[in-house]
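**Q** Okay, here's the structure, questions in a sec.
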Amino acid sequence: MKSGGSLSIWFFTGLCLGVTGALIFATGIYELISPPATKVVLYELHANVWWGAVLLVTGLFFGIHFSPANERKRMSGKS
Amino acid sequence: MNLALLLLSSNTLVHLSAVDLVIIVFYFALVLGIGFYLKGQANTGEDFFMAGREMTAWVAGLAFLSANLGSLELMGWAGNSYKYGILAAHWYWIGAIPSMLFLALVMMPFYYVCKTHSVPGYLKLRFGVGAQAISSVSFALMTLLMSGINMYAMAVVMRVVLGWDLNFSILISSLTVAAYVALGGLRSAIFNEVLQFFLIWAGALLIPILGLIEAGGWSGLQARILQNLTEQHAANPGSYTHLWSTLGNFNANPMGINWAGIVFGLGAVIAMGYWTTDFLVVQRVLAAKDLRSAELAPIIGAAFKMCVPFIVILPGLLGLALLRDPQGQLLRLVPADLAWSPAGQAQGLHGYDEVLPLMLARYCGPGLLGLGITALIAGFMSGMAGNVSAFTTVWTYDIYGALINKNASDESKVKMGRWVTIIGVVISIGTAYLVMKQQSIMDYVQSLFSFFIAPLFGTVLLGMLWKRATPAGGWTGLLAGTLSSVGMYAWVKLDPNAVRYVALSMDAQDQAQNMFRALWCCLICIIVTFVVSMLTKPKPDSELKDVVYGLTPIPKAENVGWLHSPYFWGVVVFVIFIVLQIIFW
């Protein structure tokens with residue numbers, strides 16, 4: 001769905017998930033290297049590493065698949 | 001005031017790190033950026049108020065669900081599941097799925113074919129200006145109150161969870177909502193609702209996953225709840241994890257309700273009323289690009305709605321099973337008024353509604369905490385934006401355009417829409433401060449909302465399905481249903497013994513009273529509409545084309561395969577819904 005200019009809602013969704021995922025993933029890696037003094041429950045599962053990675057990959061998929069360049073290609077393919 | 005002073009407090013539920021703040025600030029920047037980006041695409045009335053009617057089924061479906069999935073809803077129902085157990089899931093299953101499917105497959109064609117801008121607009125086409133005026137004025141009032149309540153609730157949550165100043169939260173959230181809705185109209189609200197949908201799932205999904213790991217799966221969770229509640233001598237400890245088997249009697253379950261209240265009051269009236277006639281949610285579907293998308297959108301919403309208990313009800317149950325205080329003793333949550341009283345604060349008590357933030361703080365470290373808090377903020381702002389955008393449309397088309405300036409041009413309606421958005425937000429701020437001074441208003445408004453929804457469903461249903469219903473029947477039925485609901489509410493307030501008549505049992509608690517009151521007032525609405533219609537002159541068939549069943553040529557479905565058919569997916573969703581009821585019986 002495009003609805004409004006060349007940027008679709010899915011692109012914005014990808015941007016949001018991608019940036020957030022990257023920040024969470026980076027924080028998780030930092031905590032692996034330098035464990036915090038106060039730990040959350042189930043810290044040993046390192047949820048911020050794998051959940052951050054999941055969000056980052058999902059964000060990249062949406063961001064790239066619905067990027068303005070790919071949208072233009074799709075539109076030119078249709079016409 | 002210094003931002004750092006506002007954001008930092010020692011006596012809060014969680015403490016944000018720098019990365020958490022970056023995530024929150026990024027979200028606000030993105031939301032405002034979307035508003036500015038979409039400004040250029042909101043020039044006509046159709047663009048501003050109906051998002052150009054060009055949304056795909058997925059976007060309309062996710063926005064339809066998100067408009068309802070605010071943080072007030074998330075935190076409130078997580079708290080209710082802590083209080084009432086899995087019975088709270090009825091509000092997501094029987095209290096949503098059948099009605100969403102009914103909207104999709106039965107009512108949507110009428111809304112869509114008559115090209116109305118709003119539900120009051122449909123009532124005008126069907127019953128005339130009288131029913132439209134009652135419906136639009138009551139709806140406009142309710143949306144502003146609800147928007148203010150969302151704003152206030154967000155400010156309170158941010159104070160309890162993060163220690164933020166109330167005025168700071170109200171100012172930031174209202175300015176952001178006013179900016180992005182006034183700039184981009186409904187399209188901007190829908191874009192942000194879709195964004196909020198993903199944020200809520202991304203922020204909340206970890207809680208049930210990690211919680212189930214800690215509890216030892218569903219069977220471990222059930223065993224812990226039983227053990228904890230037995231230790232606390234709670235009544236019916238085994239009933240907290242069963243959906244239907246304890247609904248034979250009012251006193252056999254923690255909610256004090258029976259199966260008739262759930263099936264007829266909740267499933268057949270309140271849910272039907274909310275999901276099919278509340279313009280706040282229906283507006284999202286009306287923005288769909290064609291009829292098939294408009295039919296598919298509520299079905300997509302229903303499919304995801306069935307999954308919401310995983311991120312709302314399950315965390316409440318996990319709180320019941322796992323939460324401990326710093327000394328390792330079982331943590332018992334209490335009603336909000338007790339928790340937030342000076343004595344409660346001194347003892348460090350937590351309210352039921354804090355169960356979701358407590359679980360968030362339990363499992364989420366830096367980064368994840370920021371995401372979870374952002375999801376809550378997004379939910380609150382989306383709740384405000386949904387109410388403000390629906391108010392703007394109903395004011396512009398059903399009050400200004402229908403009653404004040406019938407010859408308003410499209411351009412002036414858009415201009416009016418932008419100004420009314422800002423005025424709506426300003427009034428909402430006033431409401432937020434009013435609620436701050438008089439918190440009992442919050443309870444009354446929740447009840448007020450139910451006063452209008454149940455009879456409205458009776459009126460719209462008869463209007464769509466029975467061509468003999470007359471304009472006089474329509475508005476007198478609506479008025480009688482609403483007044484009877486208010487009357488029953490006042491009767492029980494003045495004489496608590498009246499509950500035996502209104503809810504059929506002295507054991508009935510608040511939720512049961514709400515369900516039965518809705519059932520009776522809907523029936524009164526239907527009976528009055530029927531009787532008055534039979535005594536008055538009906539509209540000729542020619543005037544009912546496109547608004548009544550049997551006189552509306554429904555466009556033939558496009559030649560799509562069964563995989564794209566709304567009926568096929570409706571059946572799939574319904575079968576899964578039935579299976580869930582059996583699994584958690």
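The values are calculated or read from the model by the stated rules, or taken from the named source; none is laboratory data. Predicted model, so just to flag it, every value in this text is computed and none were measured. All Cβ positions, glycine included, derive from the backbone under ideal geometry; neighbour counts span all protein chains shown.
**Q** Yes or no: residue B:477 in contact with a helix residue (DSSP H, G or I) (Cβ under 8 Å, 6 or more places away or on another chain), at pLDDT 90 or above and assigned to a helix (DSSP H, G or I)?
**A** Spelling it out, residue B:477 is indeed in contact with a helix residue (DSSP H, G or I) (Cβ under 8 Å, 6 or more places away or on another chain), at pLDDT 90 or above and assigned to a helix (DSSP H, G or I).
**Q** Could you check how many residues of the range B:464-474 are in a helix (DSSP H, G or I), surrounded by fewer than 21 Cβ atoms within 10 Å (Cβ to Cβ) and modelled with pLDDT of 90 or more?
**A** 1
**Q** I'd like the residue in the range B:109-131 that is of a type in the set (A, V, I, L, M) and crowded, with 24+ Cβ neighbours inside 10 Å and, out of all such residues, is farthest from residue B:467 (Cα to Cα).
**A** B:119
**Q** Return yes when residue B:333 is within 14 Å of chain A (Cβ to nearest Cβ), farther than 30 Å from residue B:579 by Cβ and touching a strand residue (DSSP E or B) at 6+ places or on another chain (Cβ under 8 Å) and no when it is not.
**A** No; evaluated as a whole, the condition is false for this residue.
**Q** Sticking with this one: Out of the range B:159-211, which residues are without any contact (Cβ under 8 Å) to a residue 60 or more places away in the chain and surrounded by 20 or more Cβ atoms within 10 Å (Cβ to Cβ)?
**A** Those that are without any contact (Cβ under 8 Å) to a residue 60 or more places away in the chain and surrounded by 20 or more Cβ atoms within 10 Å (Cβ to Cβ): B:169, B:198.
**Q** Continuing with this model, one more query. Let me confirm something: among B:47, B:20, which residue is farther than 18 Å from residue B:202 by Cβ, assigned to a helix (DSSP H, G or I) and over 16 Å from the mean Cα position of the chain (by Cα)?
**A** B:47
**Q** Identify, from the list B:32, B:13, B:5, the residue that is more than 10 Å from chain A (Cβ to nearest Cβ), at pLDDT below 80, surrounded by fewer than 21 Cβ atoms within 10 Å (Cβ to Cβ) and farther than 17 Å from residue B:376 by Cβ.
**A** Result of the check over B:32, B:13, B:5: B:5.
**Q** Could you tell me which of the residues B:73, B:46 is more than 29 Å from residue B:290 (Cβ to Cβ), among the acidic types (Asp, Glu) and either touching a Phe, Trp or Tyr at 6+ places or on another chain (Cβ under 9 Å) or surrounded by fewer than 22 Cβ atoms within 10 Å (Cβ to Cβ) (or both)?
**A** B:73
**Q** Right, another one. Tell me yes or no: at least one residue of the range B:257-271 is more than 30 Å from residue B:123 (Cβ to Cβ) and part of a helix (DSSP H, G or I).
**A** The answer is yes, given that some residue of the range B:257-271 is more than 30 Å from residue B:123 (Cβ to Cβ) and part of a helix (DSSP H, G or I).
**Q** Can you pull out the residues in the range B:212-225 that are farther than 30 Å from residue A:22 by Cβ and buried (at least 16 other Cβ atoms within 10 Å of the Cβ)?
**A** Matches in the range B:212-225: B:215, B:221, B:222, B:224, B:225.
**Q** From the list B:221, B:175, which one is in a helix (DSSP H, G or I), more than 12 Å from every other protein chain (Cβ to nearest Cβ), more than 24 Å from residue B:69 (Cα to Cα) and of a type outside the set (Gly, Ala, Ser)?
**A** Of B:221, B:175, the one residue that is in a helix (DSSP H, G or I), more than 12 Å from every other protein chain (Cβ to nearest Cβ), more than 24 Å from residue B:69 (Cα to Cα) and of a type outside the set (Gly, Ala, Ser) is B:221.
**Q** Looking only at residues that are surrounded by fewer than 24 Cβ atoms within 10 Å (Cβ to Cβ) and part of a helix (DSSP H, G or I) in the range B:51-70, which one is farthest from the other protein chains (Cβ to nearest Cβ)?
**A** Per the criteria, the residue is B:53.
**Q** If you don't mind, another one. Kindly establish whether residue B:328 is crowded, with 24+ Cβ neighbours inside 10 Å, more than 30 Å from residue B:129 (Cβ to Cβ) and not β-branched (Val, Ile, Thr).
**A** no
**Q** Shifting gears a bit: Could you please tell me which pairs satisfy a Cβ distance under 9 Å, a separation of 6+ or placement on different chains, a first residue in the range B:346-364 that is within 11 Å of another protein chain (Cβ to nearest Cβ), and a second residue that is among the polar types (S, T, N, Q) and surrounded by 21 or more Cβ atoms within 10 Å (Cβ to Cβ)?
**A** The qualifying pairs are B:364/A:48.
**Q** Additional query: Collect the residues in the range B:283-298 that are surrounded by fewer than 24 Cβ atoms within 10 Å (Cβ to Cβ) and assigned to a helix (DSSP H, G or I), keeping them in residue-number order.
**A** Passing the criteria: B:291, B:292.
**Q** Of all the residues that make up the range B:374-407, how many are surrounded by 24 or more Cβ atoms within 10 Å (Cβ to Cβ) and more than 24 Å from the chain's Cα centre (by Cα)?
**A** Total satisfying the criteria: 0.
**Q** Another question about this same structure. Cβ contacts < 7 Å: first residue more than 30 Å from residue B:214 (Cβ to Cβ), restricted to the range A:47-68; second residue small (Gly, Ala, Ser) and surrounded by fewer than 17 Cβ atoms within 10 Å (Cβ to Cβ), any location; separation 6+ or different chain. Result?
**A** These pairs meet every condition: A:68/A:6.
**Q** Out of B:483, B:523, I need the residue that is surrounded by 17 or more Cβ atoms within 10 Å (Cβ to Cβ) and either part of a helix (DSSP H, G or I) or without any contact (Cβ under 8 Å) to a residue 24 or more places away in the chain (or both). Which one?
**A** Among B:483, B:523, only B:523 is surrounded by 17 or more Cβ atoms within 10 Å (Cβ to Cβ) and either part of a helix (DSSP H, G or I) or without any contact (Cβ under 8 Å) to a residue 24 or more places away in the chain (or both).
**Q** Any residue in the range B:417-425 that is of a type in the set (Gly, Ala, Ser), touching a residue at least 60 places away in the same chain (Cβ under 8 Å) and more than 14 Å from every other protein chain (Cβ to nearest Cβ)?
**A** Checked against the condition, which is being of a type in the set (Gly, Ala, Ser), touching a residue at least 60 places away in the same chain (Cβ under 8 Å) and more than 14 Å from every other protein chain (Cβ to nearest Cβ), the range B:417-425 yields at least one hit.
**Q** Oh, and also: Right, residue B:279: closer than 30 Å to residue B:146 by Cα, among the hydrophobic types (A, V, I, L, M, F, W, C) and more than 14 Å from every other protein chain (Cβ to nearest Cβ) or not?
**A** Considered against the rule, which asks whether it is closer than 30 Å to residue B:146 by Cα, among the hydrophobic types (A, V, I, L, M, F, W, C) and more than 14 Å from every other protein chain (Cβ to nearest Cβ), residue B:279 comes out as yes.
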